[in-house]
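Colleague: Take a look at the following structure, please.
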Amino acid sequence: MARKKQFKAESKQLLDLMIHSIYTNREIFLRELISNASDALDKLYFKGLQDAKAQKDKDSFVIDLSVDKDLRQIIISDTGIGMDEKELELNLGTIAKSDSKQFKEALEEGDSSVDIIGQFGVGFYAAFMVSSKVEVISRKDGASEAFKFTSNGIDGFTVEESERDTQGTTIICTLKESSEEEDFEIFLDSDHLKSLVKTYSDYVRFPIKFEGETINSQIPLWKRSKNDVSEEELVRFYQEKFHDHQDPMKTIQMSVEGTTSFDALLYIPNHMPQNFFTMNYEPGLQLYSRGVFIMEHNKDLIPEHFRFVRGLVDSPDLPLNISREILQDDRQIKMISNRIERKIKDELEKMKKNDRVEYDIFWTNFGLSIKYGVYADFGMHKDKLKNLLLFESSHGEGYVSLEEYVERMKEDQKEIYYIAGESRAKCMMQPQTEFVLGQGFEVLYLSDEIDEFVIQVLHEFDSKTFKSINSSDLDLVDEETKTKVKEKTESSKDLLEALKELLIDKVDDVVFSSTLLNHPVSLVSEDGLSFEMEKILNAMPEGPEGIKAKRILELNPNHSIVESLDFAFTNKDERLEAYAKTLYDQACLIEGLPLDNPVEFSQRIAELMVMSSKH
């Protein structure tokens, strides 16, 4: 005879909270019920290990899934340890067993110390998200009678005697009626149910059968011995799991035992994913707990600078919240993330050392992520990542590392020289590049917008500081040259002052250069803010306005243009102002800086041409 019982007041409130608030994705009800069935099989298996008389045939450990479309029912049945009448009432009739009021209060307050995911009965109530009635028929191992628990999740439950041929538990979910807002009929679709099993429960270690067919893989690829997994299997798994038609560049397998144990299977793609640098790209690793799928993109498992890595982590030690959807303890996730970060870094350094061609391909695809990692968080990660950096250089067509640059430095060279520009070609055309290369120094070409910010964060590498060759205090000339420039400056002091006065609103100084060889003019900045950084900062949509680097106009004292300037100055020629402004505009064009007035520049050139023809 069925005995009607009411949920405790606190349990009833908690049940309503769980059904309507805790779970954000209703389809995980199947994951919860299958996980409970797996737990029941585990308990029976371990009971057999402790008591030989209780051992069962291994082939009998199974979870059956079926549907009855006429009755609108989903049935999950296991051959696990089962429950007796008292356990049915205790486990299913009292949510979280004892102290449920305190549990509910802690849950509502967001107390991260609440951890009852291991208690049978909590995940079970996810069934009421889709069910108008849930029946549980169970027979405990060693018992002869079975009992049935029935509830609609609203006005209590009944427990009565029932029948079941073997030990184990059968859960029958009668689905709610569909509405315009919610479609419950989809859960009666066989293909959809099998898809849910593959997504959430594919690696439950017991066979899940549907219409006589085992539909789960049982043993995860990452749990198998490395010797038992072929490269073809790893590649196929990656392509199917992450929807990539290409082979991965590299596969990284990890199995860590310790305070926090976990397995990880990581992949470095062979190409940049679509939308990689947009908001539509979701970084993060898939998360499993004991083979049960928990989360698609967990961003906390991998640092942002390695966001290109795809893969998964499976750990039995993660303290999940009641819905298995949120992690409660950041410390363990942080421990896992740190181990994964070190492993990826080590593997990339090995690739750079042992297979440079492949690493160059990797760098072309994902080097920007590493650079942003160096710059991010005020340079917190720079020491971890600096050995992974590559740049273009005057040494050759490919990339060079900072270690390689330092190894090739001259014996008395104290600085690492670089020039920033929109492209390698633009860097090579800079007037200063011609001079520095002529002195036998290697120059790094910084053509990515982030590059100079990275250099500033690094500040130095292997005790060598970085130096822009477009800096006003570049000191690479001999004493004889310095003396000649100084003498020329003294003799032309009035001319330089006049030019500075004519360009008072444009430059901070006008000087003779000791580094210009064939070019008549160049524009240099003082340390701190370069012209490339100025352009980048001003182009930022929400950046500061009016950022401007200090401008110093340098003239080539050996160029014939100085004779024209001297003549115009001495003879108070009206062309001196036009000369000065034109030289400044030419220097801006060389640096890729916008002209204040392109129309005026064009007219001025035309007027100078006309004046020249009259003299």
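Colleague: Of all the accessible heavy-atom surface of segment 153-249, with the other protein chains kept in place and a 1.4 Å probe, what percent is carbon and sulfur?
Modeller: Values: 2270 of 5300 Å².
Ligands and nucleic acids excluded, carbon and sulfur reach 43 percent.
Colleague: If you don't mind, another one. Could you tell me which residue out of Thr489, Phe531, Leu589 lies farthest along the dipole of segment 457-615 toward its positive end? Charges go on the beta carbon: Lys and Arg +1, Asp and Glu -1, centred on the Cα centre.
Modeller: In segment 457-615, that residue is Leu589.
Colleague: Where Lys and Arg each count +1 and Asp and Glu each count -1, what net charge lies around Gly592 among other residues with Cβ under 9 Å from its Cβ?
Modeller: On the way: positive: Lys426, Lys535; negative: Glu422, Glu532, Glu591.
Result for the local shell: -1.
Colleague: Give, rounded to the nearest 20 debye, the magnitude of the charge dipole that segment 504-586 has about its Cα centre when Lys and Arg contribute +1 at Cβ and Asp and Glu contribute -1 at Cβ.
Modeller: Details: 8 positive and 16 negative charges, 26 e Å.
So the magnitude is around 120 debye.
Colleague: What does the highest-first list of 503-512, 221-230, 353-362 look like by mean Cβ count within 10 Å? Please report the intermediate quantities before stating the final value.
Modeller: Details: 503-512: 16.4, 221-230: 12.8, 353-362: 14.9.
The densest-packed peptide leads the list: 503-512, 353-362, 221-230.
Colleague: Tell me whether segment 457-564 comes out rounded, prolate or oblate; compute the Cα gyration tensor, take square roots of the eigenvalues as a ≥ b ≥ c, and use a/c under 1.5 as the rounded threshold.
Modeller: Numbers: a/c = 2.70, a/b = 1.37, b/c = 1.97.
In terms of gyration-tensor shape, oblate.
Colleague: Rounded to the nearest percent, how much of the accessible area of segment 404-490 (1.4 Å probe, protein heavy atoms only) is carbon and sulfur? Don't jump to the answer; show the numbers that get you there.
Modeller: Details: 1990 of 4390 Å².
Roughly 45 percent of what the probe reaches on segment 404-490 is carbon or sulfur.
Colleague: Through the Karplus equation 6.51 cos²θ - 1.76 cosθ + 1.60, θ set to phi - 60°, convert the phi angles of segment 580-587 into ³J(HN,Hα) values in whole Hz; use x for Gly and Pro.
Modeller: 4, 5, 5, 4, 5, 5, 4, 5
Colleague: Also, quick follow-up: For Rg and Dmax of the Cα atoms in Å, pick the label among [x] 29.3, 95; [y] 25.3, 79; [z] 36.2, 122 that corresponds to the value derived from the coordinates.
Modeller: [z]
Colleague: Excluding Asp451 itself, calculate the net charge of residues whose Cβ lies under 9 Å from the Cβ of Asp451, where each Lys or Arg counts +1 and each Asp or Glu counts -1.
Modeller: Around Asp451, the surrounding residues sum to -3.
Colleague: Might you report the magnitude of the Cβ-based charge dipole of segment 418-487 about its Cα centre, with Lys and Arg at +1 and Asp and Glu at -1, to the nearest 20 debye?
Modeller: On the way: 7 positive and 15 negative charges, 30 e Å.
Dipole magnitude for segment 418-487 comes out near 140 debye.
Colleague: On a straight-distance basis, which lysines could pair with Lys572 in a cross-link, Cα separation under 18 angstrom, same-chain partners fewer than 8 positions away excluded?
Modeller: Qualifying lysines at Cα under 18 Å: Lys493, Lys500, Lys581, Lys614.
Colleague: Output the antiparallel fraction of DSSP beta bridges having both residues in segment 471-615, as a percent to the nearest 5.
Modeller: Working: 4 of 9 bridges.
In segment 471-615, approximately 45 percent of DSSP beta bridges are antiparallel ones.
Colleague: If I take every Cα pair under 8 Å that is 6 or more residues apart in the chain, average their sequence separation and divide by the length, what percent do I get for the relative contact order?
Modeller: Details: 1001 pairs, mean separation 50.5, N = 615.
Relative contact order, the chain: 8 percent.
Colleague: Quick check: the angle from helix 598-614's long axis to the longest principal axis of the chain, C-alpha only, nearest 10 degrees?
Modeller: 20 degrees
Colleague: Given the options Phe46, Phe453, Asn227, identify the residue whose Cα lies farthest towards the positive end of the charge dipole of the chain (+1 on Cβ of Lys, Arg; -1 on Cβ of Asp, Glu).
Modeller: Highest projection toward the positive end goes to Phe46.
Colleague: Let me ask something else. Pop out the ³J(HN,Hα) list for segment 479-492 in order, Karplus 6.51 cos²θ - 1.76 cosθ + 1.60 with θ = phi - 60°, rounded to Hz; leave Gly and Pro as x.
Modeller: Along segment 479-492, the couplings run 5, 4, 5, 4, 5, 5, 5, 4, 5, 5, 5, 5, 6, 10 Hz.
Colleague: Taking the Cα centroid of segment 506-532 and of segment 573-615, what is the distance between the two, rounded to the nearest whole Å?
Modeller: The distance from the Cα centre of segment 506-532 to that of segment 573-615 comes to 18 Å.
Colleague: Same structure, new question: Apply 1/(1 + (r/R0)^6) to the Cβ-Cβ distance of Asp494 and Asn270, taking R0 = 45 Å, and write down the FRET efficiency to the nearest 0.05.
Modeller: Values: r = 64 Å, r/R0 = 1.43.
Efficiency, rounded to the nearest 0.05: 0.10.
Colleague: Compute, for the chain, the length of the dipole vector about the Cα centre, with Cβ point charges of +1 (Lys, Arg) and -1 (Asp, Glu) only. Units Debye, rounded to 20.
Modeller: In debye, rounded to 20, the chain gives about 1500.
Colleague: So, one more: Beta carbons within 10 angstrom, averaged per residue: use that to sort the peptides 438-451, 187-200, highest first.
Modeller: Numbers: 438-451: 18.1, 187-200: 16.3.
Averaged packing, sorted descending, gives the order 438-451, 187-200.
Colleague: Related question: Around Phe362, what is the net charge, scoring Lys/Arg as +1 and Asp/Glu as -1 over all other residues with Cβ under 9 Å from its Cβ? Each step should come with its number before you reach the end.
Modeller: Numbers: positive: Lys250, Lys352; negative: Glu358, Asp360.
With Lys, Arg at +1 and Asp, Glu at -1, the neighbours total 0.
Colleague: So for segment 364-460: antiparallel DSSP bridges make up what percent, rounded to the nearest 5? List each step's numbers first, then the result.
Modeller: Numbers: 6 of 9 bridges.
Taking every DSSP beta bridge within segment 364-460, about 65 percent pair in antiparallel fashion.
Colleague: Continuing with this model, one more query. Mind checking the per residue accessible area of the chain for me, 1.4 Å probe, whole number of Å²?
Modeller: Details: 30510 Å² over 615 residues.
I get 50 Å² per residue for the chain.
The values are calculated or read from the model by the stated rules, or taken from the named source; none is laboratory data. All values reported here derive from a predicted model rather than from experimental measurement. No Cβ is skipped: glycine too gets one built from the backbone with ideal geometry, and neighbour counts run over all protein chains shown. Heads up: the accessible areas ignore ligands, DNA and RNA and are worked out on the full protein's heavy atoms, side chains in. Shrake-Rupley method; radii C 1.70, N 1.55, O 1.52, S 1.80 Å.
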